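Undergrad: What follows is a single structure, and I will ask about it in a moment.
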Amino acid sequence: MNRRQVLLGGAALTLAPGFARAQGVRPLKIGVMNDMSGVYADFQGIGSVIAAQLAVDDYSTKLGAPVEIVSADHQNKPDVGAAIARKWFDEDHVDVIMDLPNSAVALAVLAVATEKNKAVIGSGAGASVMTGPKCSRDFVHWTYDTYELGHALGHAIVGVGGKTWFFISADYAFGKDLRDNCADAVIAAGGKVVGDARHPLNTPDFSSYILQAQSSGADVVAFADAGGDLNNGLKTAHEFGLSPKQRLASFVLNITNVPAMGLESIAGSLIGTPFYWDFNDGTRAFSKRFQEKDPKKFMPNDMQAGMYAATAHLMKAYAEVKSAEDGIKLVDAMKAMPTDDPLFGKGSIRADGRHLHPVYLMAVKSPAESTGPWDAFKMVSTISPEDAFRPLDKGGCPFIKA
């Protein structure tokens, strides 16, 4: 594998032919599809390709599972994502598609994959319907979902006095799903939703939304969006002086937001995450390797770490079944074995495709508490997988009910 060459932006990470022949296994071809040039580019983008590559470095030769990786930019457009998926499956012999931030794109790609019985693994994708009403036997949902994010933070913040909520949400499947899941948790915990505003993807000016949130008088202003939109919304909230009078809840805030934001504007915000680069020796070692390869020298976020962990587990399953032609069979093999990696620790993949792991409630440090540019979060509590993720019998996945 030391002869592998990485070619970005749609080209292949190619494997020496002799290696594949020596193993007697057709190379597994993984397509990493995400936003390479838009609002989510720093949050998945090339970082997801790097993370998958590091998993290949660590596991491919050891498992005898040769791998090729290709990548593509879905431009946050479902029709573009679906077209790439069809070409990859029909012409380019891609076996598995991974990552898929932007849930509308993920759902479009999953529909194509289900039609062709090809495996899909979502790390950047968030909509919980993908293990619910729109579940597929070909799908694994790895890092997070909107049920987990919404319910964990909703209950936690109402419990510390955040009774009334105003939501600022991205106006597509991800934002709606995250807002609705959190609202359900808020109401169940005795809180109340007093207002909503929805914005299109890649919104440059959040002033009108922030003014609505400010005039609502809500205890909590919750941002159900991600990437550059989340950055712009939080910056505007800081400029308008919402905090500390109103608490800011940032469901998808992660380490990749910090360079553009600075701690002063987001200090005190609560987040839920299954991964932080400074958790332990294993996370620190991976993050150092990742940072060395990242063009902007960023630390990895949870979704990029999820790409590493999911790729590692995928290779373990592929080494067992020795084929990816049947997506359901490959996913079933992933479900059959427990998961275990240096970043997420021990876990499992449930029958509906939901990967189960602990989630950590963390608070953003103040500038005075931070010891360096990436020292951004502090632990508040651990949420068990059983408490974080939706119960299997509550999801409405058709093949589970059947």
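Undergrad: For segment 334-354, name all the residues that are assigned to a strand (DSSP E or B), in contact (Cβ under 8 Å) with a residue 60 or more places away in the chain and under 15 Å from Pro391 (Cβ atoms).
TA: Arg354 - this is the single residue of segment 334-354 that is assigned to a strand (DSSP E or B), in contact (Cβ under 8 Å) with a residue 60 or more places away in the chain and under 15 Å from Pro391 (Cβ atoms).
Undergrad: For the structure I just gave you, tell me whether Ala213 is touching a strand residue (DSSP E or B) at 6+ places or on another chain (Cβ under 6 Å), buried (at least 24 other Cβ atoms within 10 Å of the Cβ) and either touching a residue at least 24 places away in the same chain (Cβ under 8 Å) or assigned to a loop (DSSP other than H, G, I, E, B) (or both).
TA: On the way: touching a strand residue (DSSP E or B) at 6+ places or on another chain (Cβ under 6 Å): yes; buried (at least 24 other Cβ atoms within 10 Å of the Cβ): yes; either touching a residue at least 24 places away in the same chain (Cβ under 8 Å) or assigned to a loop (DSSP other than H, G, I, E, B) (or both): yes.
Considered against the rule, which asks whether it is touching a strand residue (DSSP E or B) at 6+ places or on another chain (Cβ under 6 Å), buried (at least 24 other Cβ atoms within 10 Å of the Cβ) and either touching a residue at least 24 places away in the same chain (Cβ under 8 Å) or assigned to a loop (DSSP other than H, G, I, E, B) (or both), Ala213 comes out as yes.
Undergrad: Collect the residues in segment 367-385 that are among the hydroxyl-bearing types (Ser, Thr, Tyr), at pLDDT below 95, within 18 Å of Asn254 (Cβ to Cβ) and part of a loop (DSSP other than H, G, I, E, B), keeping them in residue-number order.
TA: Across segment 367-385, there are no qualifying residues.
Undergrad: Restricting to segment 76-93, name every residue that is among the aliphatic types (A, V, I, L, M) and surrounded by 21 or more Cβ atoms within 10 Å (Cβ to Cβ).
TA: Passing the criteria: Ile84, Ala85.
Undergrad: Between a residue in segment 132-155 that is under 15 Å from Asn117 (Cα atoms) and at pLDDT 95 or above and any residue that is surrounded by fewer than 24 Cβ atoms within 10 Å (Cβ to Cβ) and among the hydroxyl-bearing types (Ser, Thr, Tyr), which pairs come within a Cβ distance under 9 Å, given they are 6 or more apart or on different chains?
TA: That search, which allows pairs on different chains as well, returns Ser136/Thr114; Arg137/Thr114; Asp138/Thr114; Phe139/Thr114.
Undergrad: Given the criteria more than 30 Å from Ile349 (Cα to Cα), in a loop (DSSP other than H, G, I, E, B) and open to solvent by 10 Å² or more (accessible area, probe 1.4 Å), does Gly241 qualify?
TA: Considered against the rule, which asks whether it is more than 30 Å from Ile349 (Cα to Cα), in a loop (DSSP other than H, G, I, E, B) and open to solvent by 10 Å² or more (accessible area, probe 1.4 Å), Gly241 comes out as yes.
Undergrad: Sticking with this structure for a sec: Being of a type in the set (S, T, N, Q), in a helix (DSSP H, G or I) and open to solvent by less than 10 Å² (accessible area, probe 1.4 Å) is true for just one of Thr236, Thr311. Which residue is that?
TA: Of the residues listed, the single one that is of a type in the set (S, T, N, Q), in a helix (DSSP H, G or I) and open to solvent by less than 10 Å² (accessible area, probe 1.4 Å) is Thr311.
Undergrad: How many residues does segment 248-275 hold that are among the hydrophobic types (A, V, I, L, M, F, W, C) and in a loop (DSSP other than H, G, I, E, B)?
TA: 6
Undergrad: Could you please let me know if Arg247 is touching a strand residue (DSSP E or B) at 6+ places or on another chain (Cβ under 6 Å) and either open to solvent by 10 Å² or more (accessible area, probe 1.4 Å) or among the aromatic types (Phe, Trp, Tyr) (or both)?
TA: Here the answer is yes, as Arg247 does meet what is asked.
Undergrad: While we're on this one: Exactly one of these conditions fails for Ala41: (1) assigned to a loop (DSSP other than H, G, I, E, B); (2) of a type in the set (Gly, Ala, Ser); (3) buried (at least 21 other Cβ atoms within 10 Å of the Cβ). Give me its number.
TA: With respect to (1) assigned to a loop (DSSP other than H, G, I, E, B); (2) of a type in the set (Gly, Ala, Ser); (3) buried (at least 21 other Cβ atoms within 10 Å of the Cβ), Ala41 is out only on (3).
Undergrad: OK, next. For Ala368, are the conditions met, namely being surrounded by fewer than 18 Cβ atoms within 10 Å (Cβ to Cβ) and in contact (Cβ under 8 Å) with a residue 12 or more places away in the chain?
TA: No; evaluated as a whole, the condition is false for this residue.
Undergrad: Give segment 274-295 a look and list any residue that's of a type in the set (S, T, N, Q) and either open to solvent by 10 Å² or more (accessible area, probe 1.4 Å) or more than 18 Å from the chain's Cα centre (by Cα) (or both), or say none.
TA: Asn280, Gln291
Undergrad: For Phe298, all conditions in the list (1) open to solvent by less than 10 Å² (accessible area, probe 1.4 Å); (2) closer than 22 Å to Gly122 by Cβ hold save one; what is the number of the exception?
TA: (1) is the only condition that Phe298 fails.
Undergrad: Scan segment 121-139 for residues that are in a loop (DSSP other than H, G, I, E, B), within 18 Å of Pro391 (Cβ to Cβ) and within 16 Å of the chain's Cα centre (by Cα) and jot them down.
TA: The one that is in a loop (DSSP other than H, G, I, E, B), within 18 Å of Pro391 (Cβ to Cβ) and within 16 Å of the chain's Cα centre (by Cα): Ala127.
Undergrad: Consider Asp302 carefully, then state whether it is under 24 Å from Leu270 (Cα atoms), at pLDDT 95 or above and of a type in the set (Asp, Glu).
TA: yes
Undergrad: Something else about it: In segment 371-394, how many residues are small (Gly, Ala, Ser) and surrounded by fewer than 21 Cβ atoms within 10 Å (Cβ to Cβ)?
TA: The total comes to 3.
Undergrad: Has segment 55-75 got any residue that is touching a residue at least 60 places away in the same chain (Cβ under 8 Å), surrounded by fewer than 21 Cβ atoms within 10 Å (Cβ to Cβ) and in a loop (DSSP other than H, G, I, E, B)?
TA: yes
Undergrad: Among the residues of segment 140-160, is any of a type in the set (A, V, I, L, M, F, W, C), assigned to a strand (DSSP E or B), buried (at least 24 other Cβ atoms within 10 Å of the Cβ) and under 21 Å from the mean Cα position of the chain (by Cα)? So that I can check it myself, show each step before the final result.
TA: First, the residues of segment 140-160 that are of a type in the set (A, V, I, L, M, F, W, C): 140, 142, 149, 152-153, 156-158, 160.
With the extra rule that they be assigned to a strand (DSSP E or B), the set shrinks to 140.
Applying the additional criterion that residues be buried (at least 24 other Cβ atoms within 10 Å of the Cβ) yields 140.
Still in the list and also under 21 Å from the mean Cα position of the chain (by Cα): 140.
Looking through segment 140-160, at least one residue is of a type in the set (A, V, I, L, M, F, W, C), assigned to a strand (DSSP E or B), buried (at least 24 other Cβ atoms within 10 Å of the Cβ) and under 21 Å from the mean Cα position of the chain (by Cα).
Undergrad: Right, something else. Pull up segment 162-174, narrow it to residues that are modelled with pLDDT of 90 or more and of a type outside the set (S, T, N, Q), then point me to the one that is farthest from the chain's Cα centre (by Cα).
TA: Lys163
The values are calculated or read from the model by the stated rules, or taken from the named source; none is laboratory data. As the structure is a prediction and not an experimental result, all values here were calculated from the model. Cβ: placed from backbone, ideal geometry, glycine included. Neighbour counts: every protein chain shown. The accessibility values were calculated without ligands, DNA or RNA, using every heavy atom of the protein model including side chains. Shrake-Rupley method; radii C 1.70, N 1.55, O 1.52, S 1.80 Å.
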